[in-house]
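Shown next, in structure tokens, is the structure this report addresses.
No value in this document is a laboratory result; all are computed from the given coordinates. Worth saying up front: this structure is predicted, and the values here are computed from it rather than measured.
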Amino acid sequence: MSVVTSNKSYAGTDAAVFIAVKGPRGEFTRRLEDKTVFGKRFEKGQEDAFTFIDVDVADVNPVDNTWPIDQVTLGLKVDPKP
């Protein structure tokens, strides 16, 4: 998943960031950790990427947010094991 923080003034945050994903096959919530060796996450105009394992919720429904973001992209990697 990737998150692009808005380019608006004061859009960056040092707060704990969570994402709640809901769809017809389920839902999950994850904290997006602010841990990186390359600098700070969630800075104004910056794209940050995260990898985690969870359920396939199928089509994702848009949700409201209080943190100014420009884009959220979710990807699905299917495990080839039966």
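In summary, the lysines within cross-link reach of Lys77, defined as a Cα separation below 20 angstrom excluding same-chain residues under 8 places away, comprise Lys22.
3J(HN,Hα) couplings calculated from phi for region 10-27 with the Karplus curve 6.51 cos²θ - 1.76 cosθ + 1.60 (θ = phi - 60°) are, in sequence order, 6, 6, x, 8, 9, 6, 5, 10, 10, 10, 10, 10, 10, x, x, 9, x, 7 Hz; Gly and Pro show x.
Working note: Karplus 6.51/-1.76/1.60 with θ = phi - 60° gives region 4-9 the couplings 10, 6, 4, 8, 5, 4 Hz, where Gly and Pro are set to x. Once you have a ≥ b ≥ c as the square roots of the Cα gyration tensor eigenvalues for region 2-73, tell me rounded if a/c is under 1.5, and otherwise prolate or oblate according to whether a/b is larger than b/c. Prolate is the answer for region 2-73, as a/c is 1.5 or above and a/b outweighs b/c.
Under a 5 Å amide H cut-off, with hydrogens placed 1.01 Å from N, Leu32 pairs with Val17, Phe18, Ile19 among residues at least 5 apart or on other chains.
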